[in-house]
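S.K.: Dumping the structure here so I can ask a few things about it.
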Amino acid sequence: MTHTDADQTQRWLADARSALGREQSRVAEAVSDLSPDGWGAHLSSAAAARLTSLGHFEDYGTELSWTPREVVGHLRDSARIFADRIRLLQADRSPVLADFVTDDPTRLLDYAAGTTEEIVTELEVAQRELRLTLASVTTDQLPHQGRHEVDGELSLADVVAFLPGHQRDHAAQLLELVSSESLRPSESSDGRFVRSPSGVLVPAVIDAFHRALHHVAPAGLVGQTTQTAGMRRLEAISGKTVGARNLWMGQTHVPGATASANHHHGASETAIYVVSGHPVFVFLDVDGDQPVETRIETGPGDYVFVPPFVPHREENPDPSAEAVVVIARTTQEAVVVNLDGLDWAQVDASEPGSPKPLDG
């Protein structure tokens, strides 16, 4: 690892710690705003639908049926479990990590036991222990690998990357639950507005997570996205990182004297901005007398538009410097379909969202 890479990893780890603390504070604020009668509240179907696309709820939709008591109990247990996983992975003994069955009936019954004060105190203790455990992680421990009994290989970096988003998702859920139980019907009889925890009326169609701007620092970019040989993609703005619904944005790095594999991006449109280097974008022009492999040579400040489904690849002919570009797509996730060649033989443009012919 170079000195620059080490600095970036250290900043990434510091950002993850800060993000976890920030989201835990949002959880604590939401919990403190719950009224005594609000602990049995449920999300409306509209609120649950708004949250479905946020982070991990797409895969764990049953959690959106929970009451605040069940959310708090889950966060207590998950903080304990993730702190244990971090400690196991720090030891670097290739541990087997037990599955955390979030909707286990016995576990959910346990959340109903005890008083509200007890479960809140237990949450505070578990959250503090998770912060302290994360603070003990060093950059050289991040590659340590374990095996999750359901999901397979899992590194300490994977666990660290997941923690802030997990807290963020449940903070948004709790804020929605607070809003639903604090709504003043006389001020929104038509159901178009809900009252935020601070007392401000906001449109009901906008969930709590989408009422604030989100900052992603360079060290906060993550590599857990679809990859293509010969290049490295880093995710910045997406459903996983900030709850985006219709946009994906990130960076692509192509090392010197390297060409990526051929690929396309499905039904999404892609815009590219060249930050550094002189990348070359290659596609097959099929609209002349003969198909011609066409090369677009670019430099810093240039823009490139890639229409849906067009097979292409990126090349960096400069042996001495990597090429870096910023990419934005019209899909929440990074759609990448790797291909054997630049011809259209492997392209299936029948999927939803395929481009329609232009009139005229």
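S.K.: Looking at V324, V292, V280, which one is surrounded by fewer than 20 Cβ atoms within 10 Å (Cβ to Cβ), touching a Lys or Arg at 6+ places or on another chain (Cβ under 7 Å) and at pLDDT 90 or above?
M.R.: Numbers: V324 fails: touching a Lys or Arg at 6+ places or on another chain (Cβ under 7 Å); V292 fails: touching a Lys or Arg at 6+ places or on another chain (Cβ under 7 Å).
When all the criteria are applied, what remains is V280.
S.K.: Counting only residues that are hydroxyl-bearing (S, T, Y) and assigned to a loop (DSSP other than H, G, I, E, B), which one in segment 255-275 is farthest from D318 (Cα to Cα)? Walk me through it before giving the result.
M.R.: Quick first cut of segment 255-275, residues hydroxyl-bearing (S, T, Y) only: 258, 260, 268, 270, 273.
Adding the requirement that they be assigned to a loop (DSSP other than H, G, I, E, B) leaves 260, 268.
Values: S260: 14, S268: 29 Å.
For segment 255-275, the residue satisfying everything is S268.
S.K.: All but one of (1) surrounded by fewer than 19 Cβ atoms within 10 Å (Cβ to Cβ); (2) farther than 30 Å from A212 by Cα hold for V254; which doesn't?
M.R.: The one condition V254 does not meet is (1).
S.K.: Can you give me the number of residues within segment 10-35 that are surrounded by fewer than 17 Cβ atoms within 10 Å (Cβ to Cβ), part of a helix (DSSP H, G or I) and either at pLDDT below 85 or among the polar types (S, T, N, Q) (or both)?
M.R.: Result for segment 10-35: 4.
S.K.: Among the residues of segment 112-157, count how many are under 19 Å from W39 (Cβ atoms), surrounded by fewer than 11 Cβ atoms within 10 Å (Cβ to Cβ) and either hydrophobic (A, V, I, L, M, F, W, C) or touching a Ser or Thr at 6+ places or on another chain (Cβ under 7 Å) (or both).
M.R.: So the answer is 1.
S.K.: Given the criteria free of Cβ contacts under 8 Å to residues at least 12 places away in the same chain and either of a type in the set (V, I, T) or assigned to a loop (DSSP other than H, G, I, E, B) (or both), does H278 qualify?
M.R.: On the way: free of Cβ contacts under 8 Å to residues at least 12 places away in the same chain: no; either of a type in the set (V, I, T) or assigned to a loop (DSSP other than H, G, I, E, B) (or both): yes.
Spelling it out, it is not the case that H278 is free of Cβ contacts under 8 Å to residues at least 12 places away in the same chain and either of a type in the set (V, I, T) or assigned to a loop (DSSP other than H, G, I, E, B) (or both).
S.K.: Does any residue of segment 164-171 turn out to be surrounded by fewer than 18 Cβ atoms within 10 Å (Cβ to Cβ), modelled with pLDDT of 90 or more and either in contact with a Phe, Trp or Tyr (Cβ under 6 Å, 6 or more places away or on another chain) or of a type in the set (K, R) (or both)?
M.R.: Going through segment 164-171, the residues surrounded by fewer than 18 Cβ atoms within 10 Å (Cβ to Cβ) turn out to be none.
No, segment 164-171 has no match at all.
S.K.: Quick check on segment 68-86. Is at least one of its residues closer than 22 Å to R245 by Cβ and either under 21 Å from the mean Cα position of the chain (by Cα) or not charged (D, E, K, R) (or both)?
M.R.: Our first condition is that a residue be closer than 22 Å to R245 by Cβ; within segment 68-86, this holds for none.
Taking every residue of segment 68-86 in turn, none turns out to be closer than 22 Å to R245 by Cβ and either under 21 Å from the mean Cα position of the chain (by Cα) or not charged (D, E, K, R) (or both).
S.K.: Any residue in segment 288-301 that is more than 16 Å from A321 (Cβ to Cβ) sitting within a Cβ distance under 6 Å of a residue that is of a type outside the set (A, V, I, L, M, F, W, C) and part of a loop (DSSP other than H, G, I, E, B)? List the pairs, counting only those 6 or more apart or interchain.
M.R.: Within 6 Å, no pair qualifies.
S.K.: Are there any pairs, at least 6 apart or on different chains, whose C-beta atoms fall under 7 Å, with the first in segment 85-97 and touching a residue at least 60 places away in the same chain (Cβ under 8 Å) and the second of a type outside the set (S, T, N, Q) and in a loop (DSSP other than H, G, I, E, B), and if so, which?
M.R.: The qualifying pairs are I86/V137; L89/P95; L89/H144; Q90/V137; Q90/H144.
S.K.: Restricting to helices (runs of 4 or more DSSP H) lying wholly in segment 43-161: which have 3 or more residues that are modelled with pLDDT of 90 or more and not hydrophobic (A, V, I, L, M, F, W, C)? Step through it out loud before you land on a result.
M.R.: On the way: elements: 45-52, 68-90, 105-112, 116-135.
Answer list for segment 43-161: 68-90, 116-135.
S.K.: Hey, another quick one. Restricting to segment 257-273, give me the number of residues that are crowded, with 19+ Cβ neighbours inside 10 Å, among the small types (G, A, S) and over 30 Å from V205 (Cβ atoms).
M.R.: 1
S.K.: Here's a follow-up. Grab the strands (runs of 3 or more DSSP E) fully contained in segment 192-245, keeping just those with 1 or more residues being at pLDDT below 75 and exposed (fewer than 15 other Cβ atoms within 10 Å of the Cβ). Talk me through it step by step, then tell me what you get.
M.R.: Details: elements: 193-195, 201-203, 232-237.
Once the strands (runs of 3 or more DSSP E) in segment 192-245 are filtered for at least 1 residues that are at pLDDT below 75 and exposed (fewer than 15 other Cβ atoms within 10 Å of the Cβ), nothing remains.
S.K.: Still on this model: Would you please list the contacts, defined by Cβ atoms under 9 Å and residues six or more apart or on different chains, that run from a residue in segment 98-121 that is on the phi > 0 side of the Ramachandran plot to a residue that is not β-branched (V, I, T)?
M.R.: G114/E122
The values are calculated or read from the model by the stated rules, or taken from the named source; none is laboratory data. Since the structure is predicted, the reported quantities are computational estimates derived from the model, not experimental observations. Please note: Cβ atoms are built from the backbone with ideal geometry, for glycine as well, and neighbour counts cover all protein chains shown.
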